[in-house]
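Here, each number is a calculation from the coordinates, and none is a lab measurement. These numbers were taken from a predicted model, which means no experiment stands behind them. In this analysis, Cβ positions are derived from the backbone assuming ideal geometry, glycine residues included, and neighbour counts consider all displayed protein chains.
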Amino acid sequence: MYPKRSSVENHVTRRTFWGAVGAWIATAGAAFARQPVLTRQAPCVKGPRVWLDMDQKELDDAYDQTVYAPNQQQITDRYETNSEATRMRIGPPRRYAYGPTPIEALDIYMTMCPDAPINVFIHGGAWRGGLAKDYAFPAELFVQSGAHYVVLDFTTVLDSGGSLMPMADQVRRAVAWVHRNAQTFGGDSNRLYVSGFSSGGHLTGVVLTTDWTKDFNLPADTLKGGLCCSGMFDLKPVRLSARSSYVKFTDRIEQTLSPQRHLDKLNCPVIVAYGTFETPEFQRQSRDFAAALKAAGKQVQLLAGEGYNHFEMLETLANPYGLLGRAMLDLMKLP
């Protein structure tokens with residue numbers, strides 16, 4: 001058995017304990033008293049309306065995808081690594097020049113099927129960046145399904161003095177080059193399709209509303225279909241946003257390069273797609289563009305990618321069971 005403690009020992013222990021507790025309470029109380037007093041913050045005051053119900057900050061954020069997609073860098077890095085892996089599996093592309101400057105070139109990932117349909121892809125990058133080599137990852141889907149996959153390189157708005165016109169001119173000339181030279185790489189010029197994502201979705205809209213007969217002496221139905229993913233189709237609100245800090249918008253640019261204002265020139269079925277986790281303006285732009293196409297009597301399909309943000313949407317183009325991959329195969333009548 002353990003020996004009993006003396007009453008004196010027990011008394012001292014209790015005294016020590018309660019003394020320590022009292023000291024702790026006094027110290028904690030003094031520390032608490034030194035803490036700053038928390039005050040209720042005033043609610044954020046909404047600024048003057050700039051577009052619809054948005055003030056300037058809300059509009060700027062609505063045209064900045066990184067505000068709504070915190071994993072942007074992770075996904076765009078994946079574009080690059082998956083593109084390199086795709087080239088390892090199916091081989092490098094053929095590189096052709098479609099214009100006189102070094103950037104005016106395109107990559108063609110070729111299928112083994114003769115007289116195959118062609119999908120021309122226009123990459124995004126907020127009009128400021130992007131390279132064809134980093135958008136090769138959907139190529140395997142098309143090549144294995146019996147189509148050529150063409151990715152364009154073109155200038156940036158930063159290298160064009162802030163103007164979008166040179167970029168629009170280049171992608172149009174690139175598509176015209178593909179139509180005229182399709183037979184040289186085993187393509188069928190009568191089955192030419194175009195697709196694009198983000199600012200490339202805007203440029204795809206520009207290509208789809210081109211007057212091919214007047215401007216390029218090509219058939220009015222040069223294009224047999226198009227996919228506009230997560231694009232901008234009326235530049236008025238974009239002009240009011242922070243993007244005007246690097247794009248020198250003019251009345252002419254806004255009017256000429258707003259595809260929604262030139263639907264009379266569109267002669268083929270169109271798929272319009274967006275992700276439900278994209279910014280409110282990119283969602284609205286896609287819905288309004290699709291509604292305008294329908295009202296104009298054009299053949300249009302609107303797709304909403306549930307749970308996808310802006311950058312995640314494009315990855316579905318590389319999957320035959322993905323939202324965009326399946327839709328594009330159906331549009332091109334591919335297995």
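Table for the structure above
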| quantity | calculated |
| --- | --- |
| Hits in segment 140-193 - residues which are of a type in the set (Val, Ile, Thr) and either within 20 Å of the chain's Cα centre (by Cα) or more than 17 Å from ASP215 (Cβ to Cβ) (or both) | VAL143, VAL150, VAL151, THR155, THR156, VAL157, VAL171, THR184 |
| Some residue of segment 97-109 being of a type outside the set (Val, Ile, Thr), without any contact (Cβ under 8 Å) to a residue 60 or more places away in the chain and under 22 Å from MET328 (Cα atoms) | yes |
| Leading residue by the ranking (nearest to SER230 (Cα to Cα)) among those in segment 267-286 that are surrounded by fewer than 20 Cβ atoms within 10 Å (Cβ to Cβ) and among the hydrophobic types (A, V, I, L, M, F, W, C) | PHE277 |
| Segment 47-77, residues that are under 27 Å from TYR135 (Cβ atoms), charged (D, E, K, R) and surrounded by 16 or more Cβ atoms within 10 Å (Cβ to Cβ) | ASP60, ASP61, ASP64 |
| Per-region count, segment 220-266, residues part of a loop (DSSP other than H, G, I, E, B) and surrounded by fewer than 17 Cβ atoms within 10 Å (Cβ to Cβ) | 5 |
| Among the candidates VAL157, VAL120, residue that is among the β-branched types (Val, Ile, Thr), in contact (Cβ under 8 Å) with a residue 40 or more places away in the chain and in contact with a strand residue (DSSP E or B) (Cβ under 7 Å, 6 or more places away or on another chain) | VAL120 |
| Residue count, segment 203-225 (criterion: within 15 Å of GLN260 (Cα to Cα), without any contact (Cβ under 8 Å) to a residue 60 or more places away in the chain and in contact with a Pro (Cβ under 9 Å, 6 or more places away or on another chain)) | 2 |
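Residue-wise test of (1) touching a Ser or Thr at 6+ places or on another chain (Cβ under 8 Å); (2) part of a loop (DSSP other than H, G, I, E, B).
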{"site": "ASP107", "(1), (2)": "no, no"}
{"site": "PRO117", "(1), (2)": "no, no"}
{"site": "GLY124", "(1), (2)": "yes, yes"}
{"site": "ARG128", "(1), (2)": "yes, yes"}
{"site": "LYS133", "(1), (2)": "yes, no"}
{"site": "PHE137", "(1), (2)": "yes, yes"}
{"site": "VAL143", "(1), (2)": "yes, no"}
